[in-house]
1. Cβ contacts < 9 Å: first residue within 11 Å of I157 (Cα to Cα) and in contact (Cβ under 8 Å) with a residue 40 or more places away in the chain, restricted to segment 175-186; second residue open to solvent by less than 10 Å² (accessible area, probe 1.4 Å) and of a type in the set (F, W, Y), any location; separation 6+ or different chain. Result?
2. Looking at segment 120-132, can you tell me whether even one residue there is surrounded by fewer than 17 Cβ atoms within 10 Å (Cβ to Cβ), modelled with pLDDT under 85 and part of a helix (DSSP H, G or I)?
3. Listed residues F15, F74, F48, F63; which is more than 30 Å from E123 (Cβ to Cβ) and at pLDDT below 75?
4. Within segment 186-206, can one find any residue that is under 16 Å from the mean Cα position of the chain (by Cα), assigned to a helix (DSSP H, G or I) and loosely packed, with under 15 Cβ neighbours inside 10 Å?
5. Quick one: in segment 64-82, of everything that is touching an Asp or Glu at 6+ places or on another chain (Cβ under 9 Å) and not basic (K, R), which residue is least open to solvent (accessible area, probe 1.4 Å)?
6. Quick check on this structure: which one of S138, S73 is closer than 30 Å to N16 by Cα, more than 17 Å from the chain's Cα centre (by Cα) and among the polar types (S, T, N, Q)?
7. If you check G172, G156, which single one turns out to be more than 30 Å from L26 (Cα to Cα) and at pLDDT 85 or above?
Amino acid sequence: MGCKKNMIKLLLVVFNVVAVIIGLALIGIGAFTMYRYGDILSITESTFTSIPTVLIILGLMVFILGFLGCFGSFRENRALLIFYTILLVVVLMGEAVALIISLIYQNSIKEKVFDALEVKTDEFVKYDITKKEMYKDSAEVVDQIQETLACCGVHGIETYTDNAQWNKTHGGTTVPASCCDDVTSGYCNTKNNTVNGEGCNEKVANTLSDNAGLVIGISFGFILIQIIGVCLGCVLCQRIARDGYKEV
């Protein structure tokens, strides 16, 4: 009996060391996604934009739970292990919610991106011409997307060159500097500068789809791993109860 309990105890300690690493990975992935693709994720103003934050929060919880599980296992404290197991189930539920949101959102990414990008680029043009503060945030988002993904407009440079307001102000061969590789501010000319001619619609949709797939894969994998942790915690609690309750 003691040998089996020690084996379960060892497995739970190993699991929680892995949990600490998983927690750090979740925090890192969430922070990187928020930093690198924050503007891109925010363009659709959907529930999916909160996924990096959810990953960071879950990562912190898993990280803390890892240390809590290790301490409870070493001390063979049944109350602490029960508390640990309950919290682990809560984290599992949170990851399941993130997984479901990602699955639902992934099916409508392209439609949402097209509609949102149309609005943002239209406001970009309005800000460029009127300089009204109400359009400034949209202009900054579009600039960041075009620079980050090396794209231009919704479907290409025609978003600007075929726009009557833009054409009247800048001419039919001018696009924002963020559409070009060799210009850092202002505007660039499609005839004289290196222009990223591909539209942003597909690139943004693909980026969001890739991130949704990443979240789905991570969440699914971690859910399976943490189910093992819940089982180990429950079994060890039973073993400790049989052998006699041990205080901290």
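1. Here the result reads P176/Y160, each pair linking segment 175-186 to a residue that is open to solvent by less than 10 Å² (accessible area, probe 1.4 Å) and of a type in the set (F, W, Y).
2. yes
3. Working: F15 fails: at pLDDT below 75; F48 fails: more than 30 Å from E123 (Cβ to Cβ); F63 fails: at pLDDT below 75.
None of the others qualify; the one that does is F74.
4. Here is the first cut: in segment 186-206, the residues under 16 Å from the mean Cα position of the chain (by Cα) are 204-206.
From the residues that got through so far, the ones that are assigned to a helix (DSSP H, G or I) too are 204-206.
Those left that are additionally loosely packed, with under 15 Cβ neighbours inside 10 Å: 206.
Taking every residue of segment 186-206 in turn, at least one turns out to be under 16 Å from the mean Cα position of the chain (by Cα), assigned to a helix (DSSP H, G or I) and loosely packed, with under 15 Cβ neighbours inside 10 Å.
5. As a first pass, look at segment 64-82 and keep what is touching an Asp or Glu at 6+ places or on another chain (Cβ under 9 Å): 75-77, 79.
Now drop any that are not not basic (K, R), which leaves 76-77, 79.
Details: E76: 26, N77: 6, A79: 52 Å².
In this case the residue turns out to be N77.
6. Numbers: S138 fails: closer than 30 Å to N16 by Cα.
It is S73.
7. Working: G172 fails: at pLDDT 85 or above.
Matching residue, one of G172, G156: G156.
The values are calculated or read from the model by the stated rules, or taken from the named source; none is laboratory data. What you are looking at is a predicted structure, and each value in this text was computed from that prediction instead of being measured. Counting neighbours? That spans all protein chains shown, and the Cβs are built from the backbone with ideal geometry, glycine included. Ligands, DNA and RNA are excluded from the accessible area calculation, which covers all protein heavy atoms including side chains. Shrake-Rupley method; radii C 1.70, N 1.55, O 1.52, S 1.80 Å.
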